[in-house]
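Here's the structure we're looking at; comments come further down.
Only the coordinates and a few stated rules stand behind these numbers; no lab work does. Computed from a predicted structure; not experimentally measured. Here the Cβ is made from the backbone with ideal geometry for all residues, glycine too, and neighbour counts use every protein chain on show.
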């Protein structure tokens, strides 16, 4: 009774605090928008929530969820046109993480009654899913229910019974392997998982996951890998195929039957069926990577400074500074050094590629260091892009304007993401650091039918190509010289574009 009263009181407090928002959301009460002084000039957009019930709100949420998944899932690999899978394909999910895919930070769909399982989502899309293997993983998950979602949980395939492996033959159109990492606030991935894992990082594949992939390739002619992680992972096994060597043990694997791979991030509560529709071609994938995927994270400059570094020369808060800046609730003080400056992600790798190409970075090989560049993504079709007319600078808006003609040269309707990367003039004598290229504009087309074209406008704010001069001007500056704007598929497209090709490169002085 006491617990019930406390819960009721807490609910009433919460409802009173957020009553205005709740009334607006469920369509009751009155909402009054009040503009502050100068507010009319602010970039703000108000949304009219037309839902009258919680059920309607859930349906709308699921619709938005599925749209995000449909636009964001990224096709990484598709050898021999392995995807899309045939209608009604009979598939086997391999790996217990198929039941524990990522729906959001530290959120396990297995314990969430509102989440659509991969099995239910794929069956709703017309697939037949191997029930024997799925039920085995279900029983295992129940027995090991105490595990936490940020832990790595996978079963060594050497433990699979004959009954389990015999079930493959009736669901052999493809094996779908789910690789999952879930991190969030307070659950950063480990830099070193210890001697038992040969000191590999948590963002590399574990020894058990490598054995699972090997098992899949030995038993299926077509293996599809789903990378479900908000963090970048070491994905060299996808590019090396039949000759992959685990850098932590030296053991070699034949992954030649991994024919396709997709980055799926987090699917939310309802995105499983949308993912299934991408695999069967109902939706043509059009997502692009928002990170650079390096082969060896330990070789990345940022790796040296990642961690929880505690101040050891102070025992009190006095004299250190603002308490909130330096101390957590335990009274400890931590710090992180950003010694790499601007050279994070693609800004480092593209700059390193240029410096290596002119002989200033001995030993760096971009093609070996980077598996997938920033902005990368494949489609079930192909596109050609070119500048339509001459790009120009709009002095009224301080924006560069690029009109781009995108033509679908393949056989399937699809969407293309147009990216503009800029190379700014740079002097080695200057104290102002600049990356080789920076993304300054992008836009996605609508669905383009085979043989058809769409003209799309991309605008890039002038501020996006400025650089900060912390020594002299102490502000953002634009140096004199040539600014080259590359029409790109990803951050590395500049490397193969001739600056004299006006259809792909625009030079502004």
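Of the residues screened, residue 213 is one that is surrounded by 18 or more Cβ atoms within 10 Å (Cβ to Cβ) and in a helix (DSSP H, G or I).
Kindly indicate whether any position in region 220-231 is surrounded by 19 or more Cβ atoms within 10 Å (Cβ to Cβ) and without any contact (Cβ under 8 Å) to a residue 12 or more places away in the chain. Looking for residues that are surrounded by 19 or more Cβ atoms within 10 Å (Cβ to Cβ) and without any contact (Cβ under 8 Å) to a residue 12 or more places away in the chain, one finds none in region 220-231, hence no.
In this structure, residue 119 does not satisfy being surrounded by fewer than 19 Cβ atoms within 10 Å (Cβ to Cβ), under 22 Å from residue 89 (Cα atoms) and free of Cβ contacts under 8 Å to residues at least 60 places away in the same chain.
For region 171-182, state whether one or more residues are over 28 Å from residue 128 (Cβ atoms), touching a residue at least 40 places away in the same chain (Cβ under 8 Å) and surrounded by 17 or more Cβ atoms within 10 Å (Cβ to Cβ). Yes; the residues of region 171-182 include at least one that is over 28 Å from residue 128 (Cβ atoms), touching a residue at least 40 places away in the same chain (Cβ under 8 Å) and surrounded by 17 or more Cβ atoms within 10 Å (Cβ to Cβ). Could we say that residue 410 is without any contact (Cβ under 8 Å) to a residue 60 or more places away in the chain, in contact with a helix residue (DSSP H, G or I) (Cβ under 9 Å, 6 or more places away or on another chain) and surrounded by 13 or more Cβ atoms within 10 Å (Cβ to Cβ) here? It is false that residue 410 is without any contact (Cβ under 8 Å) to a residue 60 or more places away in the chain, in contact with a helix residue (DSSP H, G or I) (Cβ under 9 Å, 6 or more places away or on another chain) and surrounded by 13 or more Cβ atoms within 10 Å (Cβ to Cβ). Of the set (1) part of a loop (DSSP other than H, G, I, E, B); (2) without any contact (Cβ under 8 Å) to a residue 60 or more places away in the chain, all apply to residue 140 but (1).
Quick check: anything in region 394-401 in a loop (DSSP other than H, G, I, E, B), in contact with a helix residue (DSSP H, G or I) (Cβ under 9 Å, 6 or more places away or on another chain), touching a residue at least 40 places away in the same chain (Cβ under 8 Å) and closer than 15 Å to residue 486 by Cα? No - not one qualifying residue is present in region 394-401.
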